[in-house]
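Structure first, then comments.
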Amino acid sequence: MSESEENGRSTGTEELAQAFAQLRAEDRRAAPSFRDLVERGVRASERPRRFAWAARAAVAACALVGLALGLLLARPAREPVVEGVVAELSGWRSPTAFLLDTPGRELASALPRLGDFGYLVVDAHAGRPKAERAEPLKQRKERRP
Amino acid sequence: MGSAAAGVSAEELERLHPDAFGWALSLAGGDRSEAEELLQSAYLRILTGTARFEGRSRLRTWLFGVVRTVCRERRRQAAVRRLARLRWLAPGEPVDPAPGPAELAERSGRAARTREALARLSARQREVLHLVFYQELTIEEAGAVVGISAGSARTHYERGKQRLRRLLAEEGT
């Protein structure tokens, strides 16, 4: 039994066997050293590990910058000030503001002028009803007994 | 270089290295640097214990299976990278660059013509023929390395052999 038949090959394969034998001989001459190949492989596999931390830090920094930018862009813009709201606020009066409307409060808010003693005149009718104050002097004399 | 995990020593790998290189070269379509990278990855997996030999087949057959697995994984990764490049970037690097003068000179030999003829076969036919004729495995063993049944391996072997013979005859080898 030939070697070819032992391997389960069919007959008539000698020419192919020769072609492959030539190919094998050429490949063996060109084969790299086993040890060199393994050492190069070990060095190549260590290189990515050396830069792994730098790569991770760079990715984390990029992610943080992206997040900050995202938050900045996603923040809603300030609404324009509405004039109506300003007018409403400026016209607002406190419910207890009437307590400040006391007689003679203009004296506290105005400056006295030279020669003007009007502020010294005391209203004698202060505290009386308005109708009584407006009564003419003649009518008052007639009412006297 | 220390001994390997799972019972496979560096010395055993070194003994099988010429055959493994031929197999890697065949899987890489004759690309020497690609074949070396395939072998580097396969050897590192074996020496670090990532790939474990459990004695269910011959060590040589198992080693060829590991090299083939690495080759398939690398092709898958390369395909994903190519896809990503096509999708996101401008057209990538040329897939099949023109051969240099040294490569053209090398291609003139008979071995190179055999390699070119093999490249025109289907991947399965090429793998089975290489394992049977180059590595002198049986057809059943070749089927086990490629991951197909013995019957299927025989079919690929017969068809591949006929086609290769025709291709070599056309090229005047």
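Each value in this text was obtained by applying a stated rule to the coordinates, not by laboratory testing. On a predicted model such as this, the values are computed, not experimentally measured, just so you know. Note that we place each Cβ from the backbone using ideal geometry, even for glycine, and neighbour counts take in every protein chain shown.
If you rank B:41, A:90, B:9 by fewest surrounding Cβ atoms within 10 Å, what's the result? Please list the in-between numbers first.
Numbers: B:41 23, A:90 7, B:9 15.
Ranking B:41, A:90, B:9 by Cβ neighbours within 10 Å, fewest first, gives A:90, B:9, B:41.
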Average beta carbon contacts from partner chains per residue of B:41-50, 10 Å cutoff: 2
Burial order of peptide ranges A:36-43, A:94-101 (average beta-carbon count within 10 Å, highest first): A:36-43, A:94-101
Peptide A:35-43, shielding by other chains (average Cβ, 10 Å cutoff): 5
Proxy reagent accessibility, fewest Cβ within 10 Å first, across A:92, B:62: A:92, B:62
Cα-based equivalent ellipsoid of segment B:102-168: semi-axis lengths in Å, sorted from largest, via gyration tensor: 24, 12, 9
Packing-based ranking, highest mean first, of B:125-131, A:22-28, B:71-77 given that Cβ atoms within 10 Å are counted: B:125-131, A:22-28, B:71-77
